[in-house]
Structure formats: C-alpha cells, structure tokens
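Here is the structure we will look at.
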Amino acid sequence: MKRILYISLFVFLLSACAPKPSGPQTLTVMTHDSFAVSENVVQAFEQANNAKVTFIKSGDTGAALNKAILTKDAPLADVFYGVDNTFLSRALDADIYEPYDSPALKNIPAEFQLDPSRRALPVDYGDVCINYDKAYFASRNLPIPQSLEDLTKPEYKGLLVVENPATSSPGLAFLLATVKHFGDPNYLGYWKDLRANGLVVVDGWETAYYTNFSGSSGKGPQPMVVSYGTSPAAEVMFAQTPLSDSPTASIIGPDTCFRQIEFVGILKGTQRRALAEKFVDFALGAQFQADMPAQMFVYPVAPNITLPDAFVKYSQTAPQPAAISPADIAANRDAWIQNWTDAVLR
Amino acid sequence: MTLFPRHVDAKTRRHNFLRAFAPAWLKCPLLWFLPLLFLGVFFFLPLFKILAFTFDLSALTTSNLQLAFRVLLFTFYQALLSTFLTLLAGLPSAYLFARYDFRGKSLLRALTAVPFMLPTVVVAAGFNALLGPRGWVSVIFPLSSFQFTGTLGAILLAHIFYNTTIVIRIVGNALSRFDPKLEQAARSLGADSRRAWWNVTLPLLRPPLLAAALLVFLFDFTSFGVILLLGGPRFATLEVEIYIQALQLFNLPLAALLSLIQLLSTLAFSALYTRLVTRTTVQSAPRSAESNVRKAGSLREKIFVASFIFLLSSFFILPMLALPLRSISRLDANRADRAQIQTGFIPDYYTELFINRRDSIFYVPPVRAAFNSLGYAGATVLLSLLLGFPAASALAKPGRLEKILDPILMLPLGASAVTLGLGFIIAFGRLLTSPFLVPLAHTLIALPFVIRTLQSSIASIPDRLRQAAASLGASPFRVWQTVDWPILRRATLSASIFAFTISLGEFGATALLSRPEYPTIPVAIYRFLSQPGGLNYGQAMAMATLLMALTTVGILLIEKLRLPGAGEF
C-alpha cells in the first residue's frame, strides 16, 4: 500500500517537472483604467491563437506607464496598451518597447505614426474638447464661444471648469492646446485672464464632469467642461431614457481641441514575442478597431471602420486639432505644468 | 464564572508545563513572531525596495526641501485641526453611546461607522448634493452663496465625517467598560458631575483617547482622496504631492524624499504616543457594558441626548441620503426644463446593474462585486485578528522590546500608499495579480486599528483576576477563555468592525492589486464614474447605495453576533 503511494507521488513529481503539454499560452496586457473591450472580441483572439489574455489595469495613463517603466527589468506584462502622444517620448526614452514592424501598419494613415522606430504603434485616437451644456446656453440666449479667446469674455465668467494638468490627462491635453495656440510663455497670460474670469479648476475628469458640469447627470454649476469630443455620443448611448438629441456638444474652433493618439507596443523582455505580435496585429485589425468606439469612446486609427450611429450623429472630431510633437512635450511638460500651477493656483 | 477545575487532565498539565518552562523572554518573541513576519514581508520589504531603488541624494536640493517643508507644514496643520475637531465631535458622541440607552441606538451607531468606508468620490457627491452650489442647503437658503468645495472647511468637514467613528468606537468602548463606582465615589466625596468628569473619568480615559487621537491624526496626516476631491488643486498634503511627483511627473527621487519625511513623521508621532500612554494605563475592574447604560433621566440629560441624536443624524445621514435618493431619481429626462425639481422615481439604475449592455469583458454583476468585497472583507477580519491578538497581548504589558515595536506597528498607517503600491510592484512582480494580495494589503491598514482596539482592552484587565483563576488551577487557555475573553468580546467586535469596513471601502490598493475581472464594489463605482452618461452616473449611485446598505447590515450583524463562550458577567 505504502509503495503504491510512493510510486504515485514519484509519478506526480515527475509529471510536474515534465514540459507542459501545449495548453493555452497566457498573454498579459498592461493598460490604463479606461481600457475596455467586448468579451467576444477577446474570445475570438483567444480561440484563433490558443491563448488566454489577462489584463492588468494600473491607474491612469501616466501612472500605468510609470509602473511599466519601473518594472522594465522584470516586466509584468507582454504588451502595453495605451501610452498617448503626451507620454510617448517618456516611454520611448525609457526604452520599454521592442520594435515591431506590424504588417497592419501599412493601412494606417501616416499622421498617426509618430514613432518611426516602430516601437509604439498607433491604435486609437480622440480629441479632448470643451463640452457645453446646450440647454444652459439656449435658455439664456447666450452664444456658444467659438474660440479659446472667447472664453475670457465677461459673459462667460465662471462658466468653465477644467482639470488640473498635474493630475489629469484631459487637463494636460487642454493646457497643451493653449500652449500650441498662444505659444510659450504667452499661454500663461491667457490662463491668468481665464483665472480672472472665474475659471474653476478641479483635480480630475470625474469631479469636473459629474460634480461641476451642468450638462451631466451630476447637474453642477458650470455649463462648460474640458472633456472629450465623444462625450456627447456617450451621453446618448448611456441615457437612462432614450434621447432624441445629445444634451451636450463640443466647441470646435481653432486649437480648441487637442488630439490624443494612443499607442500599443510589445514590452521588452517578453517571453511570448510571437503571441504578442499576434495581439498587436489583432489590436490594429478590423474587429478590434470596430469594437473600440463603443467600449472606450475613442476613434479607430484604421480607415473604413463603421462607427456606431451615436458617434456619427453626436460626436465631433476637430478638423484642425492642436498638435505638439511628443519630443517637445517631453522636454517641456514639467516646466509648463509648474508655470501653469504658479499662474493659476498660487 | 466557572473557574473551578473538575479534574486536571493531560492537556492542562501540558499547559502548566509550558507556563512553567517557557520563560517570559521567550513568550514575547513568540507572540511577536507572526505579526512581525507579516509586516516584514508585506510592508518593510516592498517599502525598503522601492526607497532603495528610487532615493537619491541629488533630491536634496534647496527647492525640493522648500517644497517638502511647505507641504509638510500644511499637512501637519490640517491634520492637527481635523483631529481636534473630530475629538470635539466624537467625545460627546462616545459618551452618548456608552452611557445612554435610546431607541434606534445600534442603528445610529452603525450608521456613524458607514462613512468610514465610503469611497471619496461618493462622499464628495453626497456633500455636494447637500452643500454644493445646487445643493439642498442653497435651495432652502437661496441667499447663501458660499463656496464649499475647494476650501479648507470642506477638507475639515470631510475628515470629521470620516473619522468620528474612530473616537466613538475606541473611546466609547472604554467608557462603557468603566467602573462607575469610581465616579460615584468622587460624587459621594462632594465632587459635582463636572468635577468628577474632569478629575476621575477624563484621566482614566487618557489611553483610549490618545489611541483614538493618534489613529485619527494619522488618517488625516496621510489624507489623499479628500484633499484631491474636496480640497481641490490648491491644497496638497504629502501624500498628494507624492502621488503627483511619483505617478504624474515621474520625479521618483523627490517622491522618495517626501515618503521618507512622511514615514519619519509617523514614527515620531507614534513614539510620542507610546511615551504618553505607557505612563497612564490604569487597570480597573471591568464592568459589563450594560450596567453602565441607562435612559436619560433629568431634563438636562434629555436635552443632551436628544440634541446629540439630532446632530449626529443630520451630520451623518443627510450627506449619505443624497446617494440613495439620486440612485432612484430620474436624472436625465427633459433636460430643457432641468431647472424644475424632478420628482420621478425609478428603479432603472438597479435593474441596469444586471445587464452587460456593452458586452464588456470587464462587466461584473453587482452580486459578484458584492461577493468579491465580502470575501476580501471576511479574510481581512480573520487575518487581522489572527495577527492582532498576539501583538496586542504583547503590547499590553510593555517591556523594552514593546516600547520599540509599538511605534513601528503604526507605520503602515503613515506610509505613503502610492510608494507602498510601487514597492509591491517591484517586490512581488508577477505575483501582483494573485488574489491573495488584496486581503493582505487590507490587513496592513486594518492591523493598527485592531491592535489599538484590543491593546487598551487587554491592558485594562486586572492581573489579579487572572492570578485568581490560575491559582484555582485553571490552565492558561482556561484563564484566557474565562477571564480575558468575556472582557475582550466587545473590543474584538470593535476591531472586527474596523477591519471589515476598512476592507469594504478600500480603493487604492484594491485597484492596484485586484484583477480587473474581480472588482470590489468601490472599484465598480469608479468604473461607472469614469465615463459620461446618465446611466453610468445612476449606476454609480446605485452601487454606492448597495455598498452603504451592505456595510450597515454587516456592522449590525457583527454587533449582534453572539460569539461563542461569551458569557455575560
């Protein structure tokens, strides 16, 4: 009896040491908190590649990236999804990606391909714009501001809420739009004018949108908020009762919007390079690209993707969004934020 | 009490043997072994790794030190002020719950503990519904155009709202254990009630009072969400600055410097507490809580009881009432005439919680999120009691070792959560996604509470009771069971409630450590609030209401729980 026990124990140990049969490989994808995807889309990838995909959400874009940089010697994941152009240079300087010249890139417009070394591959984009509460302006016969300059006019005193660029990604994007429009250091004068005109600053998007913005369900006091060009579409898609029109819209003027482009890349040191390549191809492919608008409220970078109805009707993209090169952003971000803090908060 | 041994069996003899031959110097390290092992692996190791990795002498520039000093000053100032105000609100409340009997008492007491675990976003929403620009107060008093969010007042009010329960639990627990004969003796010697309170009760209350003050102070000192959400970007505590420096600006050396300052401050405050408290612990004959409780008699007492019930109810319940109300209100119909007060009540947000409308891979039905939360909370309670009991027993009779270890045990409360989170990433790498790390992280935060709650209780048990039992032949376990346990029952309940609520409400560590497929309720709330749309907002409010209900029921159940062997005496 005892011998059987020993033998079975021995066999068990042996089997534990033996190479594993080709079960599904696990691919770990590190990303930010806003990442979302449909279940069936992930399943399609898993089935096609005999794989299991695990996601790690690590805070907002900046926090997630910093955690990836911190662990680059022993990476927590195989793929990192969601570095945007405001953080791109930091990611590239820290050298966390392996280059991958995906065949899918040839379909993607050149304007999105900001990294010629093919380490960070564009995957989605969206505009940070000022949303306004339609009913507020209509009921007071107040014209909608058409430009950044308009926002300093006395009739808009106390009507705008923005996020702190030191703690919020849309807040930083809007700051960058003003830097692009007015130049450095003139943007500081503009912000001082905004401050004199009753500008409200809060820490993050959730507070700005749900506590301060009057167009959201939080019914706050300010009818204008720095949010996304797709937020009006989200208001319709997530309405509690079906709405015939969006309660909000975006202000589209010269440099009023800043375009955020998100990137995906294979993390250096991955043990699953082949599977990671498949995932990147998949993320740039039609199925995933068509899924992301309704999941993450961003636009696909791939052309000819059918968008949800609400996107076509209510969400806007700026014809000429403000743009600053990632290298410029990396070189000046901290100084811009610090000077902004001194001008607006102190 | 059943202290009489029927016969000395083998088990008891073994206990006696242990008692005789395990010397005192060995007993203490034995008690310390588990708690210190736990802290070593899950606190000091990650903290040391991240600080060693990121700290750099180049961070010691004049401008950095100036920034650090400025932030430290504000952090200290607001924490001191908040603690003082919290004690001011908490002491009479503790007295109310410890001494008076009134209808709805256990519900009210449970409700005062609910804010402790509410996510900051939800509390901010509640306060805004009450005091914000379109809140109820400005509807009732249309002339008052005061600014609430973005002020120091908002920070202080939120800190009182969060932490009063600490004072109520810890001080109230001690008050209800008091021997009323001491006060009666003072009265019979001619002291009026005020003098008896100042000269007898208050000095006896010093240890629990100091313990509560320290815990409240440390919570305020490391405050993060309240400062960001209610204080706004004009205010920054050390923790907020660490977050900005480490995760947004990626200035890790400066973040490490700030973390060190925060750690050393915590150590200094805790050491000060240890010095103050060891001089003053008094052993007194314990009383059952029931014998101290009575109905309000005189008119003055009745006024005190009624007015405090009113104050507590309005302060704690009104901001929380906003959430359930919003969770069933029609929020986005007819936006054109939004100025009118809407009266439609709907269950839609609750039913919507059960629909995976977007077929998202991260969708989790509310029941599952609740189970995740409860599972983590249950594990946290067990684990923190398991580690807290030996540590608290060792601390109750402080030797030289204990005087050193005592402040160190408080460190997890004062350590920067951001820094510790990064430390976890470096120290544990791919283990990070293991589901066991969440209750372990919660236990780190809960352990100081559990230890403080148990320690003052254990210390107050007179040795002569134990000696009497032992001399009658009771084994150490029997002594513990018949003497210590009945006295510790209440403290154990309090400790469990702390651990339970801390775990239920914890967000930062959970968001970092939990797999996206297994979110807790707070994580689910944040997820809803991260996208626009009436349904998302309504579901967040519905989820917050569920969390409040769950906590209230949980606390009531724990309080009603008849723990085994808990004979009243």
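The values are calculated or read from the model by the stated rules, or taken from the named source; none is laboratory data. In this text, all values refer to a predicted model and were calculated from it rather than measured experimentally. Methodologically, a virtual Cβ is constructed for each residue, glycine included, from the backbone with ideal geometry; neighbour enumeration extends over all protein chains shown.
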If A:Asp193 satisfies every condition in (1) surrounded by fewer than 24 Cβ atoms within 10 Å (Cβ to Cβ); (2) in contact (Cβ under 8 Å) with a residue 12 or more places away in the chain; (3) facing chain B (nearest Cβ under 8 Å) but one, which is the exception?
-> (3)
Consider A:Ala276 carefully, then state whether it is outside the structural domain of A:Ser227 (by TED's automatic domain parsing), farther than 30 Å from A:Met237 by Cα and at pLDDT 90 or above.
-> yes
Only listed residue being more than 14 Å from chain A (Cβ to nearest Cβ), farther than 26 Å from B:Lys397 by Cα, touching a Phe, Trp or Tyr at 6+ places or on another chain (Cβ under 9 Å) and assigned to a helix (DSSP H, G or I), chosen from B:Ile155, B:Ile168, B:Ile160, B:Ile227 = B:Ile160
When every residue in the stretch B:517-535 that is of a type in the set (S, T, N, Q) and at pLDDT below 85 is compared, the one farthest from B:Phe436 (Cα to Cα) is B:Gln531
Note down all Cβ pairs under 8 Å where the first residue falls in the stretch B:262-275 and is touching a residue at least 12 places away in the same chain (Cβ under 8 Å) and over 17 Å from B:Phe69 (Cβ atoms), the second is of a type in the set (Asp, Glu) and crowded, with 20+ Cβ neighbours inside 10 Å, and they're at least six residues apart or on different chains.
-> B:Ser270/B:Asp406; B:Thr274/B:Asp406
Odd one out for B:Ala474, checked against (1) surrounded by 24 or more Cβ atoms within 10 Å (Cβ to Cβ); (2) out of contact with any Asp or Glu (no Cβ under 6 Å at 6 or more places or on another chain); (3) at pLDDT below 85 = (1)
Scan of the stretch B:491-513 for residues that are facing chain A (nearest Cβ under 9 Å) and either surrounded by 23 or more Cβ atoms within 10 Å (Cβ to Cβ) or touching a residue at least 24 places away in the same chain (Cβ under 8 Å) (or both), ordered by number = B:Leu512
The stretch A:117-137, subset of a type in the set (Ser, Thr, Tyr) and away from every other protein chain (no Cβ under 13 Å), residue nearest to A:Ile252 (Cα to Cα) | A:Tyr125
For residues in the stretch A:196-207 being over 17 Å from B:Gln531 (Cβ atoms) and at the interface with chain B (Cβ under 7 Å from one of its Cβ atoms), which is surrounded by the fewest Cβ atoms within 10 Å (Cβ to Cβ)?
-> A:Asp203
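One line per residue, one yes/no per condition, for (1) more than 15 Å from B:Gln248 (Cβ to Cβ); (2) more than 10 Å from chain B (Cβ to nearest Cβ); (3) crowded, with 21+ Cβ neighbours inside 10 Å; (4) touching a residue at least 12 places away in the same chain (Cβ under 8 Å):
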site	(1), (2), (3), (4)
A:Asp33	no, no, no, yes
A:Val37	yes, no, yes, yes
A:Asn40	yes, no, no, no
A:Lys52	yes, yes, no, yes
A:Gly59	no, no, no, yes
A:Asn66	no, no, yes, no
A:Ala74	yes, no, no, yes
Could you tell me which numbered condition A:Pro109 fails, if it satisfies all but one of (1) crowded, with 16+ Cβ neighbours inside 10 Å; (2) touching a residue at least 40 places away in the same chain (Cβ under 8 Å); (3) within 21 Å of A:Phe297 (Cβ to Cβ)?
-> (1)
A:Ile324: passes all of (1) among the β-branched types (Val, Ile, Thr); (2) surrounded by 22 or more Cβ atoms within 10 Å (Cβ to Cβ); (3) assigned by TED's automatic domain parsing to the domain that holds A:Ala177 but (2)
Cβ pairs under 8 Å, 6+ apart, first in the stretch A:136-160 and in the same structural domain as A:Gly189 (by TED's automatic domain parsing), second surrounded by 13 or more Cβ atoms within 10 Å (Cβ to Cβ) and acidic (Asp, Glu) = A:Leu148/A:Asp255; A:Thr152/A:Asp193; A:Tyr156/A:Asp150
